[in-house]
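Peer 1: What follows is a single structure, and I will ask about it in a moment.
The values are calculated or read from the model by the stated rules, or taken from the named source; none is laboratory data. Since the structure is predicted, the reported quantities are computational estimates derived from the model, not experimental observations. For neighbour counting, all protein chains shown are included, and Cβ atoms are generated from backbone atoms with ideal geometry for every residue, glycine included. These accessible areas exclude ligands, DNA and RNA; they are computed on the full protein's heavy atoms, side chains included. Shrake-Rupley method; radii C 1.70, N 1.55, O 1.52, S 1.80 Å.
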Amino acid sequence: MKRQWWKEAVVYQIYPRSFNDSNGDGIGDINGIIEKLDYLKELGINVIWISPLLESPLDDNGYDISDYQKILSDYGTMQDYERLLENAHKRGIKILMDLVVNHSSDEHNWFVESRKSLDNPYRDYYIWKDGKDGKAPNNWGAFFGGSTWEHDPQTDMYYLHLFSKKQPDLNWECEKLRKEIYDMMNFWCEKGVDGFRMDVISLISKVQTFPDGEVGKLYGDGGKYFVHGPKIHDYLQEMNREVLSKYDIMTVGETAGVTTEEAEKYAGNDQKELNMVFHFEHVDVGNGPLGKWTTERFDFVKFKEIIIKWQEELYNKAWNSLYLGNHDQPRSVTRFGNDSDEFREVSAKMLVTFNHMLQGTPYIYQGEEIGMTNVYFDNLEDYNDIESLRYFEELTSEGLISKEEMMECLKLRGRDNSRTPMHWDNTQNAGFSSGKTWIKMASNFDKINAQEQQSRENSVLNYYKKIIKLRGKHEVIYDGKFTPYMKSSEEIFAFTRETNEETLFVMCNFTENEISVEIPEKYLEFNCIISNYDGNTLANSYILKPYEAFVLSSKN
Ligand code: TEU
Ligand code: CA
């Protein structure tokens, strides 16, 4: 397999609003990130992906950009950003920028112009359609509730927005628009960014006849007509020729709806498009008739099938990202582990052992490395996220779910669970800010914080440092062939990774029960390179402890 730095990297995702506030206005900022570079260096990561820092009215916390070449003043200035690049590079850390080009903000100058008249030079930058019998052009429902179409009185036409109405979709059919985007990307590459995480890049090409979708609960599902639309791969290959191929950068596509076959086109070994994909299948397990709005726990058996499928089907063909949480997902220890006092730490360690021993590039979401949990807000007023607020309103007013039940769904799946500020220490606002924070803090920072974990040897944080270091010592972690072990177990996720030089045997108990397992004789001679319990003596018939995880290696 061809060696590529981004295949060997460990990525840390920063949600800038909630990472570290340097000036006491209650909002995280670029200087705050610079202050924590040494913390990140010590953790051992070598790439940082930062969620959008650009000018934005913040309808969707920055995923609605109104100027692609200006830093939002909440976060600092272009000089601050340049200092961030310089300081990160000095420490051998690369910076990925979040590229949000399926849509812009409605406050972007392109849209302000576009909506003015039919013959405005920017008209074609967005997707405008006539209504049908005084109603929207088709029945598609938007990701944040409501229709995907908004009527604009100025020209009496509708514009498409797959997300909120303040996030109009850009029209990738328009060559001039594509050229503007490539110019903007080149601008950032010249400035020294080391790559892009591409927001919902799988949605940029739409079937131009805009047919109705199959009706679900309220709206039609247009997915068939805009997920991996007809020209998606033409556009990405063009982008690759015009920008990506000119620099030694890393690219990861957030490819909602991607299948393993489709992943090969996006991120295949031929490298005509992107380096790797982010798929959603494993984080969507357990979704119900109202999508993610359910109180069901995740279904381990399905989760396991999905992970195995991705490991097997991408092997030697395409490259994958490994993640269990991010700014759109609940906290991983709450969703896939166990966030009780008894099992929080041990299950967080099990999850990272599992995730980082798979093939792919692992992503750590801020706070995951100390085992931060869901925030469990009791009041709707504490929520800030547009998705949670819109769906609460829409689903409860349509009588699809009661308010009480919806509050429970938000506690488990709402995006704000992972957006509350990082816990640095146990002082005011967990050391995140000296001012009133933009969103309410989680209350458990006295017991879960980075400072306490730094000095405690068996903390989650120190375990993360250990597991990240293993990557440097065992090449098999990134190129070994994956084979499941105890494939039908409904409690254990075990597998081997193998090259000619080395074999790893990984075992993870996803439950709080003790479970007896058989460890094949040949692995008993291996070295235990990491484990979340001390002083284990492995044996042929072995009882795994709650959430136990270990990795055995054939190498000394
Ligand atoms: O998310 C894309 C996406 O598919 C989300 O709508 C996802 O389905 C949802 O968050 C799950 O609850 C990206 C960004 O990561 C997200 O923060 C943005 O809101 C969205 O695109 C629009 O830019
Ligand atoms: Ca600030």
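Peer 1: Pick from segment 236-271 the residues that are part of a helix (DSSP H, G or I) and of a type in the set (A, V, I, L, M, F, W, C): which of them is farthest from Asp479 (Cα to Cα)?
Peer 2: The selected residue is Met239.
Peer 1: Ok, one more. Among the residues in segment 349-369, are any aliphatic (A, V, I, L, M), touching a Phe, Trp or Tyr at 6+ places or on another chain (Cβ under 7 Å), farther than 19 Å from Val476 by Cβ and open to solvent by 10 Å² or more (accessible area, probe 1.4 Å)?
Peer 2: no
Peer 1: Quick one: is Asp169 more than 16 Å from ligand 2 (Cβ to nearest atom), open to solvent by 10 Å² or more (accessible area, probe 1.4 Å) and in contact with a strand residue (DSSP E or B) (Cβ under 9 Å, 6 or more places away or on another chain)?
Peer 2: No: the conditions fail for Asp169.
Peer 1: Can you tell me how many residues within segment 56-76 are within 16 Å of ligand 2 (Cβ to nearest atom) and free of Cβ contacts under 8 Å to residues at least 40 places away in the same chain?
Peer 2: 3
Peer 1: I've got another one for you. Could you identify the single residue in Trp310, Trp319 that is in contact with an Asp or Glu (Cβ under 9 Å, 6 or more places away or on another chain), modelled with pLDDT of 95 or more and buried (at least 21 other Cβ atoms within 10 Å of the Cβ)?
Peer 2: Trp310
Peer 1: Please work out if Thr427 is open to solvent by 10 Å² or more (accessible area, probe 1.4 Å) and of a type in the set (Ser, Thr, Tyr).
Peer 2: In short, yes.
Peer 1: Only one of (1) under 20 Å from the mean Cα position of the chain (by Cα); (2) surrounded by 19 or more Cβ atoms within 10 Å (Cβ to Cβ); (3) within 30 Å of Glu404 (Cβ to Cβ) is not met by Arg344, so which one is it?
Peer 2: Here Arg344 clears every test but (1).
Peer 1: Would you mind telling me which numbered condition in (1) under 14 Å from the mean Cα position of the chain (by Cα); (2) modelled with pLDDT under 95; (3) of a type in the set (A, V, I, L, M) Leu290 fails?
Peer 2: The single condition Leu290 does not satisfy is (1).
Peer 1: Let me confirm something: among Thr537, Thr511, which residue is out of contact with any Leu (no Cβ under 6 Å at 6 or more places or on another chain), among the hydroxyl-bearing types (Ser, Thr, Tyr) and open to solvent by less than 50 Å² (accessible area, probe 1.4 Å)?
Peer 2: Selected residue: Thr511, the only one of Thr537, Thr511 that is out of contact with any Leu (no Cβ under 6 Å at 6 or more places or on another chain), among the hydroxyl-bearing types (Ser, Thr, Tyr) and open to solvent by less than 50 Å² (accessible area, probe 1.4 Å).
Peer 1: A further question follows. Can you name every one of the helices (runs of 4 or more DSSP H) wholly within segment 1-90 that holds 1 or more residues which are within 16 Å of ligand 1 (Cβ to nearest atom) and surrounded by 17 or more Cβ atoms within 10 Å (Cβ to Cβ)?
Peer 2: Correct list: empty, since no element meets the threshold.
Peer 1: Okay, next question. Please state which of the following conditions Asp80 fails to meet, knowing it meets all the rest: (1) more than 16 Å from ligand 2 (Cβ to nearest atom); (2) within 30 Å of Leu37 (Cβ to Cβ).
Peer 2: The number of the failed condition is (1).
Peer 1: Restricting attention to segment 504-524, does a residue exist that is free of Cβ contacts under 8 Å to residues at least 60 places away in the same chain and on the phi > 0 side of the Ramachandran plot?
Peer 2: No - not one qualifying residue is present in segment 504-524.
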